[in-house]
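S.K.: Below is a structure I'd like to ask you about.
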Amino acid sequence: MQQVIKPEEVLKEYHPPLTDHEALVEAHRCLYCYDAPCTHACPTHIDIPKFIKKIASGNLVGSARTILEANLMGATCARVCPVEELCEGACVLNAEEKPIMIGRLQRYATDYVYERGIDVFKPGPPTGKRVAVIGAGPAGLTCAGELAKLGYSVTVFEKRELAGGLSTYGIIVLREPVEVALAEVEMVKRLGVEVKTGMELGRNLSWEEVRAGYDAVFLGVGLGAVPKLGIPGEEQVVDGLSYIEASKMNPAGLKVGRQVVVIGAGNTAVDCATIAKRLGAERVTMVYRRSEREMTAYPHEYEFAKKEGIEFRFLTQPVEVLLEGGQVVGLKCVRMRLGAPDASGRPAPEPVPGSEFVLPCDQVVKAIGQEKPWLAQMLGLETEKGFIKVNQDYETSLPGVYAGGDCIRARGSASTVMAVQDGKLAAFAIHRRLTQSLGMAAD
Amino acid sequence: MADLSINFAGIRSPNPFWLASAPPTNSGAQVHRAFEAGWGGAVWKTIGAPVLNVSNRYGAWHYGGQRMLAINNVELISDRSLEVNLREIRDVKRHWPDRAVIVSAMVESKPEAWREIVLKIEDTGADGIELNYGCPHGMSERGMGSAVGQVPEYCQQITSWVTEVARIPVIVKLTPNVASVVPPARAALAAGAHGLSLINTINSIIGVDLDTFELIPNIGGKGGHGGYAGPAVKPIALNLLSSLGVDEVVRKSGVPISGMGGITTWRDAAEFLLLGATSLQVCTAVMHYGFRIIEDLVDGLNAWMDAKGFKTIAEVVGKSLPRISDFNDFDLSFRAVARINPEKCIRCNLCYVACNDTAHQCIDLVDAQGNVVPPFRYDVHSNGKREALSTRPQPRVREEDCVGCRLCHNVCPVEGCIEMVEVPSGRPPVTWRELMQTRPEVTEDWSAMERYRKEVGIEIH
């Protein structure tokens, strides 16, 4: 008898919440470092020892406020942050025992207020100024929320049906349930932010209107679709982000192959492979043209994938998707070897002549990054390596137009927490600009 | 293997560990089990006057996720009948001839009441009697327990009623709820006590419930002071124990002392021995973990004694007492400074904030190049574990400014990372007592003090 796979079970949040006892024991274990390295390592610089000691003292609302003051998307970040590379990786206890479970404590504190409907912030006294935010992802929502706290009238325009951006659509439920992302959207709305979904610049929203109707604009538009592979048979290749989205919005309707090949070796590729494996694929293989050393997935994600039973083919470049009657039957690949460093500083992979081989499969998923933001061209913004160029204040080449999140990430790797920090700092910069124009002193 | 057996005023036991007079020694069945586990002796829960107990009688103080760093109680003496207790004592002693069975007693302050209880206890075959002058609640309100222990004259009077009739050793258990335990101890000795024991519990209120505003524990809406015991009282017990050890009258009497107050591990036990206790009584640790803890008390003490070359308990008893002094006799020229081992330092920088905020501002944060840097100096755009760790400054003591207060050593979470190192002060040894005799003006007048400091080279920054 075939085993029935229930998506809500196999894809449910991987880590259970900490019990009260676990949280208390862990909170007490924290040393309460001074000028703590975890806080430095956090891109939003949450005062981590402070929020942890508030858990220990039983002041959970204060703990959540401490987190959300620095990071309005604290419930998402508690789940999706690569804590091994950030706060937990910097914990001084790595030297002596094991680091504090900072991410899970953060989740414990933020869940506490969301589960009880406690709002830790109020809208600020109205300034009479209006700000438009394009894109309701982590950067946009954070910018909007921070400005609302400062008394601005903020409207967020979101092209999708739901707000939340990648938190809603692009992070597998295993790491973050949709409800968590949507609860953050609601929290931002309760700060007085108006979120208009189904509104897209250039489609049903005109840039002139936005410029004319608002005192400042923040662009948090993220990146585009997964780029083309440029190989024959590509029309049958599934877009990795769509794959993840389907696993969240309509998992029962997601078609998963028996033998799935995922092209790419970043964190999104790992997520796609995880979905395929958990939804019943017999064999899931990740194909990457460089070696293990160059892969962009975090080491802990790589370990996780291996534990899931996902296989890896390094130094392997896809050259053609083999089709029979419109159905995928295999992925033709060529073996690669590493040559001299390329523009990225990593050894450039070169094909080994005559090394073509076929990976039998019935589904190919690509997760090889995202296209650069197209909006830059449309609005005539200056760019840097295709990303929107901003100054120290997150202001673009258009005065009064700010940007943050993945769309400006010309350097470093894109992440939710970096987007949150951009949104927050951009909000402060917008505040400075608009209070200066009012002749008021900025905070 | 060291010989752990003791002879306490004629009471012998195979090891120095006795269960204290308390709930663990409430019944024969319990004491049987304790002896099976290896306890050297037991002081039976106090028998005597009739009582009635209440619920919620034990409170506890928890801290930092640690349960029961202290317990407090308003339990009274045994609420089981005299006959039952006496029968079970006799039975236990008959089964365990090699163990010390001491019976704690407390009756009304009348000579005939005391004579009667003494005779009944002796009749059981018990090895000794402990007079409970310490219980600070319930019984004290009736003129017993600490109401006796707090008044040396009562101590002496009642002890003499007992020693006049007793043919077995009499131990007087002292209350810590006094300015000094020496006068009641001397009073007990004057009345012929054969041994002393301390400390009984300390007056305490555990806390208040923040939702109901009731006391913790809540006894039908009320609460009140109870007797405090457990790990948190150990330093108080050690101080009171040593105050007897250095008292001339007590010392000359040669009377042994049974020490108690927070003994949880063999380490605690060894410290009590070093400060003059011959036998050791344990209660809270047993109430927390059960009788089984005797195994490591004995095993650990044995290993430590072997490592230090002690063959008998008597060799350990009081060995640190000659070190007990007071401030007047400390060498004011003794100088130690804190030294941080950079190899062990995990850079939590708790020493830095403790020194800088609350002590003497002599720890700097230094970067990898050795430059002194302020805390929180990273840019808002800096992040990630590599940047956080590679740029994290390290604490370093400015030894020339360090007063050697030892706060950093105390807050450091890493064993052996911050050591207090003795350094020459360049000044001849001198005590405050000597200064008072040779340079009294220095001890009385600030300008004379300033001149003295200049003269000998003491600089306070």
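S.K.: Answer yes or no as to whether residue B:344 is open to solvent by 80 Å² or more (accessible area, probe 1.4 Å), of a type in the set (D, E, K, R), out of contact with any strand residue (DSSP E or B) (no Cβ under 7 Å at 6 or more places or on another chain) and away from chain A (no Cβ under 14 Å).
M.R.: no
S.K.: Determine whether the range A:42-58 contains at least one residue that is aromatic (Phe, Trp, Tyr), modelled with pLDDT of 95 or more and in contact with a Pro (Cβ under 6 Å, 6 or more places away or on another chain).
M.R.: Here is the first cut: in the range A:42-58, the ones aromatic (Phe, Trp, Tyr) are A:51.
From what's left, modelled with pLDDT of 95 or more: A:51.
In the following step, the residues that additionally are in contact with a Pro (Cβ under 6 Å, 6 or more places away or on another chain) were identified as none.
Scanning the range A:42-58, I find no residue that is aromatic (Phe, Trp, Tyr), modelled with pLDDT of 95 or more and in contact with a Pro (Cβ under 6 Å, 6 or more places away or on another chain), so the answer is no.
S.K.: Which residue is surrounded by the fewest Cβ atoms within 10 Å (Cβ to Cβ), if the candidates are limited to the range A:1-32 and must be acidic (Asp, Glu) and within 14 Å of chain B (Cβ to nearest Cβ)?
M.R.: Out of the qualifying residues, it is A:20.
Residue by residue, here is whether (1) assigned to a strand (DSSP E or B); (2) at pLDDT 95 or above; (3) under 24 Å from the mean Cα position of the chain (by Cα) holds:
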residue	(1), (2), (3)
A:257	no, yes, no
A:273	no, yes, yes
A:277	no, yes, yes
A:280	no, no, no
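S.K.: Now, a different point. Would you check which residues across the range A:237-251 are surrounded by 14 or more Cβ atoms within 10 Å (Cβ to Cβ) and either of a type outside the set (D, E, K, R) or assigned by TED's automatic domain parsing to the domain that holds residue A:414 (or both) and list them?
M.R.: Residues satisfying the conditions are A:237, A:238, A:240, A:241, A:242, A:243, A:244, A:246, A:247, A:249, A:251.
S.K.: Still on this structure, please answer the following. Can you confirm whether the range B:109-130 contains a residue that is closer than 23 Å to residue B:223 by Cα, under 22 Å from the mean Cα position of the chain (by Cα) and not aliphatic (A, V, I, L, M)?
M.R.: no
S.K.: Considering only the range B:167-187, how many residues are crowded, with 21+ Cβ neighbours inside 10 Å and of a type in the set (Gly, Ala, Ser)?
M.R.: Counting residues in the range B:167-187 that are crowded, with 21+ Cβ neighbours inside 10 Å and of a type in the set (Gly, Ala, Ser) gives 2.
S.K.: If you go through the range B:426-455, how many residues are out of contact with any helix residue (DSSP H, G or I) (no Cβ under 9 Å at 6 or more places or on another chain) and in contact (Cβ under 8 Å) with a residue 40 or more places away in the chain?
M.R.: 1
S.K.: Any residue at all in the range A:332-343 that's part of a loop (DSSP other than H, G, I, E, B), surrounded by fewer than 15 Cβ atoms within 10 Å (Cβ to Cβ) and of a type in the set (D, E, K, R)? Before you say what the answer is, go through the steps one by one.
M.R.: First, the residues of the range A:332-343 that are part of a loop (DSSP other than H, G, I, E, B): A:342-343.
When the remaining residues are screened for being surrounded by fewer than 15 Cβ atoms within 10 Å (Cβ to Cβ), the result is A:342-343.
Those still in the list that are of a type in the set (D, E, K, R) too: A:342.
Yes - at least one qualifying residue is present in the range A:332-343.
S.K.: Here is a further query. I'd like to verify a number: residues in the range A:348-405 that are assigned to a strand (DSSP E or B), open to solvent by 40 Å² or more (accessible area, probe 1.4 Å) and assigned by TED's automatic domain parsing to the domain that holds residue A:323, how many?
M.R.: Residues meeting the conditions: 4.
S.K.: Restricting to the range A:46-64, name every residue that is open to solvent by 10 Å² or more (accessible area, probe 1.4 Å) and touching a residue at least 40 places away in the same chain (Cβ under 8 Å).
M.R.: If the condition is that a residue be open to solvent by 10 Å² or more (accessible area, probe 1.4 Å) and touching a residue at least 40 places away in the same chain (Cβ under 8 Å), then A:54, A:60, A:61 are the ones that fit.
S.K.: Which condition does residue B:133 not pass, out of (1) among the aromatic types (Phe, Trp, Tyr); (2) open to solvent by 40 Å² or more (accessible area, probe 1.4 Å); (3) at pLDDT below 95, if it passes all the others?
M.R.: The number of the failed condition is (2).
S.K.: Another question, if that's okay. Of all residues in the range B:348-388 being farther than 23 Å from residue B:419 by Cβ, aliphatic (A, V, I, L, M) and facing chain A (nearest Cβ under 9 Å), which is most open to solvent (accessible area, probe 1.4 Å)?
M.R.: B:380
S.K.: If residue B:438 passes every condition in (1) open to solvent by less than 60 Å² (accessible area, probe 1.4 Å); (2) of a type in the set (Ser, Thr, Tyr); (3) farther than 30 Å from residue A:415 by Cβ but one, which one does it miss?
M.R.: It fails just one condition, (1).
S.K.: List the number of the failed condition for residue B:171; all other conditions in (1) in contact (Cβ under 8 Å) with a residue 60 or more places away in the chain; (2) more than 19 Å from residue B:102 (Cα to Cα); (3) of a type in the set (A, V, I, L, M, F, W, C) hold.
M.R.: All conditions pass for residue B:171, except number (2).
Rundown of residues vs (1) in contact with a Lys or Arg (Cβ under 6 Å, 6 or more places away or on another chain); (2) on the phi > 0 side of the Ramachandran plot; (3) surrounded by 23 or more Cβ atoms within 10 Å (Cβ to Cβ); (4) among the acidic types (Asp, Glu), yes/no style:
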{"site": "B:38", "(1), (2), (3), (4)": "no, yes, no, no"}
{"site": "B:50", "(1), (2), (3), (4)": "no, no, no, no"}
{"site": "B:57", "(1), (2), (3), (4)": "no, no, no, no"}
{"site": "B:60", "(1), (2), (3), (4)": "no, no, no, no"}
{"site": "B:64", "(1), (2), (3), (4)": "no, yes, no, no"}
{"site": "B:68", "(1), (2), (3), (4)": "no, yes, no, no"}
{"site": "B:79", "(1), (2), (3), (4)": "no, no, no, yes"}
{"site": "B:83", "(1), (2), (3), (4)": "no, no, no, yes"}
{"site": "B:87", "(1), (2), (3), (4)": "no, no, no, no"}
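S.K.: Let me ask something additional. So which residues in the range A:152-189 are in contact with a Lys or Arg (Cβ under 8 Å, 6 or more places away or on another chain) and farther than 20 Å from residue A:17 by Cβ, if there are any at all?
M.R.: A:152, A:153, A:154, A:155, A:156, A:157, A:158, A:159, A:168, A:169
S.K.: Which of the residues spanning the range A:55-79 are away from every other protein chain (no Cβ under 14 Å) and within 17 Å of the chain's Cα centre (by Cα)?
M.R.: A:72, A:73, A:74, A:75, A:76, A:78, A:79, listed by residue number.
S.K.: Which count do you get for residues in the range B:348-403 that are more than 23 Å from residue A:40 (Cβ to Cβ) and touching a Lys or Arg at 6+ places or on another chain (Cβ under 6 Å)?
M.R.: 1
S.K.: Hey, another quick one. Looking at (1) surrounded by fewer than 24 Cβ atoms within 10 Å (Cβ to Cβ); (2) part of a helix (DSSP H, G or I); (3) touching a residue at least 12 places away in the same chain (Cβ under 8 Å), which is the only condition residue B:159 fails?
M.R.: Failing condition for residue B:159: (1).
S.K.: When you go through A:341, A:318 one by one, which is the residue that is modelled with pLDDT of 95 or more and more than 24 Å from the chain's Cα centre (by Cα)?
M.R.: Result of the check over A:341, A:318: A:318.
S.K.: Which numbered condition trips up residue A:35, out of (1) of a type in the set (Asp, Glu); (2) buried (at least 16 other Cβ atoms within 10 Å of the Cβ); (3) more than 11 Å from chain B (Cβ to nearest Cβ)?
M.R.: Evaluating residue A:35 over (1) of a type in the set (Asp, Glu); (2) buried (at least 16 other Cβ atoms within 10 Å of the Cβ); (3) more than 11 Å from chain B (Cβ to nearest Cβ) leaves (3) as the failure.
S.K.: Another one. Regarding the range B:411-421, can at least one residue be identified that is without any contact (Cβ under 8 Å) to a residue 60 or more places away in the chain, within 14 Å of chain A (Cβ to nearest Cβ) and in contact with a helix residue (DSSP H, G or I) (Cβ under 6 Å, 6 or more places away or on another chain)?
M.R.: Within the range B:411-421, none of the residues are without any contact (Cβ under 8 Å) to a residue 60 or more places away in the chain, within 14 Å of chain A (Cβ to nearest Cβ) and in contact with a helix residue (DSSP H, G or I) (Cβ under 6 Å, 6 or more places away or on another chain).
S.K.: Still on this structure, please answer the following. Working only within the range A:206-235, note down all residues that are within 27 Å of the chain's Cα centre (by Cα), touching a residue at least 60 places away in the same chain (Cβ under 8 Å) and either assigned to a strand (DSSP E or B) or over 21 Å from residue A:401 (Cα atoms) (or both).
M.R.: A:216, A:217, A:218, A:219, A:225, A:226, A:227, A:229, A:234
S.K.: Under 8 Å between Cβ atoms, which residue pairs at least 6 apart in sequence (or on different chains) link something in the range A:354-373 that is at positive phi and touching a residue at least 40 places away in the same chain (Cβ under 8 Å) with a partner that is in a loop (DSSP other than H, G, I, E, B) and β-branched (Val, Ile, Thr)?
M.R.: Note: pairs meeting the criteria are A:369/A:226.
S.K.: Let me ask you something else. So which residues in the range A:268-306 are buried (at least 24 other Cβ atoms within 10 Å of the Cβ) and polar (S, T, N, Q), if there are any at all?
M.R.: A:268, A:274
The values are calculated or read from the model by the stated rules, or taken from the named source; none is laboratory data. These numbers come from a predicted model, not from an experiment. Backbone-built Cβ (ideal geometry, glycine too); neighbour counts: all protein chains shown. Ligands, DNA and RNA are excluded from the accessible area calculation, which covers all protein heavy atoms including side chains. Shrake-Rupley method; radii C 1.70, N 1.55, O 1.52, S 1.80 Å.
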